[in-house]
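*Asks:* For reference, the structure I am asking about is given below.
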Amino acid sequence: MEHSALSRLIVVSNRISAPAPEGAASQGGLAMAISAALRQSSGIWFGWSGNAIDEFTGQISMQREAGVTIATIDLEAQDIDEYYNGYANRTLWPLFHYRIDLTQYERSFGEAYARVNKRFADTLLPLIGPDDIVWIQDYHLIPLGRELRERGVKNAIGFFLHIPWPARELILTLPRHRQLVESLFHYDVVGFHTEEWKAAFQSYVINDADGMALSDGRLTAFGRTVRPGAFPIGIDAQGFKDLIQSPVAQESYDRIIESKAGRKMLLGVDRLDYSKGIDERLLAYERLLTDSPELRRQIFLLQISTYTRSEVTAYQDMIERLDSISGRINGAHAEMDWIPIRNVHRMHSREELAGIYRAADVALVTPLRDGMNLVAKEFVAAQDEANPGVLVLSRFAGAAWQMRDALIVNPFSQEDVSDAVKRALAMPLKERQSRWRALMDGVERDDINAWRDNFVAAMHEARDQGRKPPRPRIAAARKDG
Ligand code: GDG
C-alpha cells in the first residue's frame, strides 16, 4: 500500500488491552483484531486503560509494547458506570443486537456518553499529527469523530462498527437517534462488517434523515457526505495456524482426544452474552438427544462460555440460566459414564483454544445476532485438512455472508439446528474436506491484514475524493433517471 511515510495510523478504541504477543486471555474479538492490525504498522493505539480514578485528569500514559505505542487515559468511576456499563453496554449493545426488551434508555447514560467522548477528543487532539489517519472503533465512540472535527481536525477519520447496525424500526426507539446518526456523517468512511448492516444504515439515512445515495456509493444527509462500506473483519490466519503447532495446543488437543473416548465432540466457544444464543443452542442439543436416542453416548457438547461483563445484571442472570439449563439437561440425560454437556466458564489461553478447536468434530456457532463472529473463522483455521470438522453457523452472524460452505442454520429453530448437527455428524470425509477447503481459502484471503488494508485505503481514497468537486447527485430510489 502506497501511503505517505509520515502518515501514521492512530487507532482509537474504548478499551485497550496491550497487544501481548498472542493476546491475553481476556481479549475479545475486537481487541484481538486491533492488536494484530497494529503489530504490522508503527501506529498508536489510544483508549481507556480500564482503570478508575476519582476525578478525570486527561493525563495520558504512554508505553511501547510489541512495536505499538499505547496511549491510555483513566476514567472516573461515574463515567465508567454511566458511559461504559450504561450507554455502551445497557443501551447500544442490546439495541443493536435486536434486544429492545433489555435496552435501558436512561438520560444520564446518554449524557455520560457525550461527556466521555468529549474527554477522549480533548486528550487525543494533541497526539494527532498533520498526516495521520485516525481510525475510531466501535459503538462506544460514535460521536468522537464529530468532537474532533469541532476541535479543527481535518485529517482522514474513519469509523468501524464491530456490531450489527439494526433495522431502522429499532433505532427509532433510541432517544436522540438522529443525533447519533448525524455524528457518523463527520467521518470520511463508516465501515460495517456486511452489506446487510450497511443497507440497514442506508435505509435509516434515506427514510428517516431525508438523505440520498450518490451514484458513487456515498451518502449525503445533514448537509454532509460519508462513504459507507462493508469491510468484513478477519483473523490473523497465519498466526492462528502457527498457534496450532505450539506444544500447549498439542497438549490440549491430546487431552481432549483422550477424554473423548471415541465419541464425537460438538463445540461452542463464546463470550457469555445473550446475543450468542447459548441457551437456545443447549435447548437445540437437548432436542437432538431426545429425538435421536441413537446418538446418546456417541456425542457430547463442550460449551466454553467465558464472561467479561459480569458487572451488568443481564450477564449475571445469564450465567445462572445457562448453568441451570445445562444442569437440568445433564441431570435428565447423563449416565454413570457419560455426561452430555461439559459446561465450562474457565478462560483458556489462545494456544489451548486452538488445540480444542482442532479436536472438535462440529463447531456450533449459533448467535441470534452477531456483527461478524471470529470463533467461526478460528475454528476453520485450526482444522486438520486430512480430517476437518464441520462448521454449523447461524445465518444471523455477519460471518454467514462470507462462509457459505458452512451448514447455515436458523438458531431460533431447535429442529433446524438439531438437523444440521445430525448432517454434520454423518458428513462423508470428502464433503467435509471440500467445504473446509473453500472456507479456509476465504479465511486466509480475507484475513485481518486485508481488513486493515482495505479500510485504510478507503480512508485515503475518500479523503482525496473529498478534495475534488462533488459529482452529480442521484437519489437511490429513482432508477428511471
Ligand atoms: C465483537 C463482535 C465481531 C473466547 N473465549 C476465549 C477466547 N475467546 C475469544 C475468541 C474470539 C473472541 O474471544 C470472540 O470474538 P467474537 O468475534 O466471537 O465476538 P465478540 O467478542 O462479541 O466481538 C463480533 C468482533 O467484535 C470483531 O469485530 O466478530 O461480532 O460482537 O477471538 O477466540 N479467547 C481466549 N480464551 C477463551 O476462553 N484466549
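*Asks:* Residues with amide H under 5 Å of Arg263's amide H, sequence separation 5 or more or different chain, H placed in the peptide plane at 1.01 Å from N; which?
*Replies:* none
*Asks:* Here is a further query. Which values of log₁₀ I(q)/I(0), to two decimal places, follow from the Debye formula for the chain at q = 0.11, 0.12 Å⁻¹ with a uniform point scatterer at every Cα?
*Replies:* The Debye formula, applied to the Cα set alone, gives -0.93, -1.10.
*Asks:* A follow-up question, please. Classify segment 351-418 from the C-alpha gyration tensor, please: rounded if a/c falls under 1.5, else prolate or oblate depending on whether a/b exceeds b/c.
*Replies:* Prolate shape, in that a/c is at least 1.5 and a/b is the bigger ratio.
*Asks:* Sticking with this structure for a sec: Rounded if a/c is under 1.5, else prolate if a/b beats b/c, else oblate: with a ≥ b ≥ c from the C-alpha gyration tensor eigenvalues square-rooted, which is segment 237-445?
*Replies:* Rounded shape, in that the Cα axes give a/c under 1.5.
*Asks:* Shifting gears a bit: Mind checking which aspartates and glutamates have their C-alpha under 15 Å from Lys276, skipping anything on the same chain fewer than 8 residues away?
*Replies:* Asp317, Asp370
*Asks:* Can I ask one more? Would you please put 126-132, 397-403, 455-461 in order of how densely packed they are, using the mean number of other Cβ atoms within 10 angstrom per residue and starting with the highest?
*Replies:* Highest to lowest by the protection proxy: 397-403, 455-461, 126-132.
*Asks:* Sticking with this structure for a sec: Among Ser49, Ser305, rank each residue by its count of other Cβ atoms within 10 Å, from fewest to most, as a rough exposure measure.
*Replies:* Placing the least packed residue first, the sequence is Ser49, Ser305.
*Asks:* Using DSSP loop states and a limit of at most 11 other Cβ atoms within 10 Å to flag trypsin sites (Lys or Arg not before Pro), what is the longest stretch of the chain containing no flagged site?
*Replies:* My reading of the result: 155-345 is the longest stretch.
*Asks:* Let me ask you something else. Once the convex hull of the alpha carbons of segment 133-277 is built, what does its volume come to per residue, in cubic angstrom?
*Replies:* 175 Å³
*Asks:* Could I ask something else about it? From the cross-link list Lys241/Lys430; Lys241/Lys264; Lys377/Lys422; Lys198/Lys241; Lys118/Lys154, which pairs have alpha carbons spaced over 20 Å apart?
*Replies:* With Cα atoms farther than 20 Å apart: Lys241/Lys430; Lys241/Lys264; Lys377/Lys422; Lys198/Lys241.
Read the figures in this text as sums done on the coordinates, not as results from a lab. Everything numeric here is computed off the predicted structure, so don't read it as measured data. Methodologically, a virtual Cβ is constructed for each residue, glycine included, from the backbone with ideal geometry; neighbour enumeration extends over all protein chains shown.
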